[in-house]
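The values are calculated or read from the model by the stated rules, or taken from the named source; none is laboratory data. Given the structure is predicted, the values throughout are model-derived calculations rather than measurements. In this analysis, Cβ positions are derived from the backbone assuming ideal geometry, glycine residues included, and neighbour counts consider all displayed protein chains. Please note that ligands, DNA and RNA were not included when accessible areas were found on the heavy atoms of the full protein model with its side chains. Shrake-Rupley method; radii C 1.70, N 1.55, O 1.52, S 1.80 Å.
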Amino acid sequence: MISVTLPDGSVNEYSAGITAGEIVIDIEGRKHECIAAMVDGSQSDFSTVLESDCSVEGISGFSDEGIHIMRHSAAHLLAQAVTTLYPDAKPTIGPAIDRGFYYDFANLEDFGESDLKGVQKKMHEIARRNISVERVECSEAELGEMFSSNPYKMEIINDKLEDGAGSTIYRQGEWYDLCLGPHVHSTSKLMHVRLTSVSSAFWRGDQSREQLTRIYGIVEPTKESLKSTMAAIEEAKKRDHRKLGKDLQLFHVDEEVGQGLILWTPRGATIRTCLQNFISEHLTRQGYSQVYTPHIGKLDLYRTSGHFPYYQDSQYPPLVEKDMMIKLANEGCTCGELANLMSAGDIEGYMLKPMNCPHHIKIYSSQARSYRDLPLRLAEFGTVYRWEQSGEISGMTRVRGFTQDDAHLFVTEDQIAGEVLGCIELVQVIFEALGMSDYRVRVGLRDMDSGKYVGSNEKWELAEKACRDAASSLGVNWSEEEGEAAFYGPKIDFVVKDVIGREWQLGTVQVDYNLPERFGLQYKGSDGEMHRPVMIHRAPFGSMERFCGVLIEHFAGKFPTWLAPTQIHVLTISEKQVAYGQDIAAKLKSAGVRVELDDGDDTIGKKIRMHRKFQPAYMLILGDDEANNNSVSIRARNGDQRADVAFEEFLAELQNEIHSKAATPALVPPQSN
RNA sequence: GCCAACGUAGCAUAGCUGGUAGUGCUUCGGAUUUGUAAUCCGACGGUCGAGGGUUCGAGUCCCUCCGUUGGCUCCA
């Protein structure tokens, strides 16, 4: 007999050799919703045989661990279905991910979305057959034999397994896969699966290797949960900033202007202006000096900074000086030669600036600096241009021209910690003001194995420590991530997810010992000696484009009153109130409120319907009653109403709401019913 | 950049196996003057992303390019 500790703390005796699954059934009953077991705190199959004392509990298909196991098992099911239908396809890897699972296949070319249906049907068929999933221990030799026809699996076996060590496979019917598990015990647990998309991926994430076909899917424990998950995905798509940006007329991208180049239309520009004003207030408060610099700079500047050689592939090609072009043309230079000269940097010219720092550095060095000048904080809404890969460009979140709410702080070594702290506090203030609480903080550190970084070890150590210290003082969870540093220094990033689960870096604070050295920056210390300042790069929004894109999704287009492109839409009931409507609109306008008037001859129902799509904070409905009382009826976005409010009272409340940057419009109290 | 899918008026969409484009909303004109998610009638608006090809004939088939979407890779 063995003693098994159960979830409630009690201890039961079972005969040795019992399986984890049998115990789960014993404690949870036959109708349990568990799909695997936790044995001594580690995830295990139901089939795990227990020979000694331990603790056992079930893992529900609804728990985080449970859904992860189901996803992983569903990936196996997918691979089984694909290899059944496409015998030449070679399964490679197929993990569970945040929102579901995928499996990558080689030899599955020309597979498209339209093929998903058939595969999904086959998956359901296999699931219905209730095939048991077995774990089998295998020696290295056995594995070699079983996977001999699959070079990808063999590569994993050869790379990941210690010499001589075996591993496990999971078998379901004829099909089996190399895997550590655990898995659900039967394919029948995977009935509620849906394939969502097909795309491609490189084998082992390496661009130089084979391109594989990747199939994505989601799986849920029940029919209902699958349905609600699918509904949630659909719902999220409605918040996509690309869709809302069009519906609310916030921005436009025109292919004749260029991919990834955002045209801010009036309504979107209003939001941006409000945000920039908001930041500017904080800049003044925090002792920043605002500067302006041009959009281009000489190539040599970026040779000195290192950006030109380092990021050459992701920059717009240089603008070559006219005289140089003429000279080269007279010398018979071919286009090919010109391209070579450009990429080698053996040519003079200008570049669209990919970064603001070199310009700001030149402002620093335009004067002799003393320790009394530091910290010197130079801020600019600086527009930069980067040649992002065409396949990467997306809406406002990944673009080729964008404006950073940038600043560079020139500080002494002693000031680093305090200034980094000030920077991340600013980021926090902004996130808080906008109600963006769903972000993660990432401290990007060097990848010790990579040679791409510049600067000495000691300086990196110091900078990394400053970042860690600042992050831990934040009072929120943060993680260290190797290899996420910039080439010149470590950084603290604020990362948020968009509606379809993609992560975007917004605010960032970076410590940089490198550029001051490259540019030979100096200041005279109190000791009379010359010292080198340290730079801090920081952008609380990151870029205005990306931030606004994320913000559109965050608010689902329903911006708080202070940010709403149009705050009030005034709608008249009939032509009898046209004069009153114009009067109210004019008064609001002169009070600084962004207002739109509709005194046309549509019915009020039609007007509301038409104006709703622009999501003003409030609509004012003006009929005879209001005109007679010098009042307004306020209609909130959700349709709630507050009738017959004296205009002056409304205006005072509205202005208060705007000035306080209230997170949500609240002039109409929520109505019960 | 790579793989796949897609690209019809401002927006949303119909158009089967090829025979010279329909609809709704918007807009404009007219009628109506209407209390909180679409009043009625009429008109304008597309040559079907661009270019080339096959065909008697292409939105519909083929090729190239541009763009969009989903991923991969990249991201100062």
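General remarks:
- Remark: A:L378 matches the filter, which requires a residue to be over 30 Å from A:Q259 (Cα atoms) and within 35 Å of the chain's Cα centre (by Cα).
- Selection of strands (runs of 3 or more DSSP E) fully inside the stretch A:593-643 by the criterion of at least 1 residues being in contact with a Lys or Arg (Cβ under 8 Å, 6 or more places away or on another chain) and polar (S, T, N, Q) returns A:631-635.
- At least 3 residues being within 16 Å of RNA strand B (Cβ to nearest atom) and open to solvent by 50 Å² or more (accessible area, probe 1.4 Å) is the threshold, and among the strands (runs of 3 or more DSSP E) wholly inside the stretch A:118-220 those reaching it are A:193-202.
- Leading residue by the ranking (surrounded by the most Cβ atoms within 10 Å (Cβ to Cβ)) among those in the stretch A:644-657 that are in a strand (DSSP E or B) and within 13 Å of RNA strand B (Cβ to nearest atom): A:V645
- Qualifying residue in the stretch A:35-53 (condition: under 23 Å from A:I218 (Cβ atoms), outside the structural domain of A:R135 (by TED's automatic domain parsing), in contact with a strand residue (DSSP E or B) (Cβ under 8 Å, 6 or more places away or on another chain) and open to solvent by 30 Å² or more (accessible area, probe 1.4 Å)): yes
- Among the criteria (1) in a loop (DSSP other than H, G, I, E, B); (2) without any contact (Cβ under 8 Å) to a residue 60 or more places away in the chain; (3) more than 11 Å from RNA strand B (Cβ to nearest atom), the one A:C467 does not fulfil is (1).
- Scanning the stretch A:74-93 for residues being closer than 23 Å to A:P182 by Cα, without any contact (Cβ under 8 Å) to a residue 60 or more places away in the chain and not in a helix (DSSP H, G or I) gives a total of 0.
- A single member of A:A636, A:A627 is over 25 Å from A:A433 (Cα atoms) and buried (at least 17 other Cβ atoms within 10 Å of the Cβ), and it is A:A627.
- A Cβ distance below 9 Å, combined with a sequence gap of six or more or placement on separate chains, defines the contacts here; from the stretch A:589-618, residues that are modelled with pLDDT of 95 or more reach residues that are open to solvent by less than 50 Å² (accessible area, probe 1.4 Å) and aromatic (F, W, Y) in the pairs A:E596/A:F614; A:Q615/A:F555; A:Q615/A:F559; A:A617/A:F559; A:A617/A:W562; A:Y618/A:F650.
- For the stretch A:254-269, the count of residues that are assigned to a loop (DSSP other than H, G, I, E, B), surrounded by 13 or more Cβ atoms within 10 Å (Cβ to Cβ) and of a type in the set (F, W, Y) is zero.
- The listed residue being more than 18 Å from A:E657 (Cβ to Cβ), among the small types (G, A, S), in contact (Cβ under 8 Å) with a residue 40 or more places away in the chain and in contact with a Ser or Thr (Cβ under 6 Å, 6 or more places away or on another chain), out of A:G557, A:G581: A:G581
- Selection within the stretch A:223-244 - away from RNA strand B (no atom under 16 Å from the Cβ) and open to solvent by less than 40 Å² (accessible area, probe 1.4 Å): A:S225, A:L226
- Scan of the stretch A:486-522 for residues that are under 18 Å from A:R538 (Cβ atoms) and within 8 Å of RNA strand B (Cβ to nearest atom), ordered by number: A:A486, A:F487, A:Y488, A:K491, A:Q505, A:T508, A:Q510
- Set side by side, the residues A:E432, A:E461, A:E480 differ, and just one is within 24 Å of A:I271 (Cα to Cα), open to solvent by 40 Å² or more (accessible area, probe 1.4 Å) and not in a loop (DSSP other than H, G, I, E, B), which is A:E432.
- One residue stands out among those in the stretch A:365-388 that are in contact (Cβ under 8 Å) with a residue 40 or more places away in the chain and among the polar types (S, T, N, Q): the one that is nearest to RNA strand B (Cβ to nearest atom), which is A:T383.
- Residue in the stretch A:437-456 that is within 14 Å of RNA strand B (Cβ to nearest atom), in a strand (DSSP E or B) and more than 18 Å from the chain's Cα centre (by Cα) present: yes
- Test: A:R546 is within 12 Å of RNA strand B (Cβ to nearest atom), basic (K, R) and outside the structural domain of A:I416 (by TED's automatic domain parsing): no
- Checking the stated criteria, A:I69 turns out to be more than 16 Å from RNA strand B (Cβ to nearest atom) and either of a type in the set (S, T, N, Q) or closer than 23 Å to A:T168 by Cα (or both).
- Members of the stretch A:492-538 found to be touching a helix residue (DSSP H, G or I) at 6+ places or on another chain (Cβ under 8 Å), outside any strand (DSSP E or B) and among the basic types (K, R), listed by number: A:R518, A:R532
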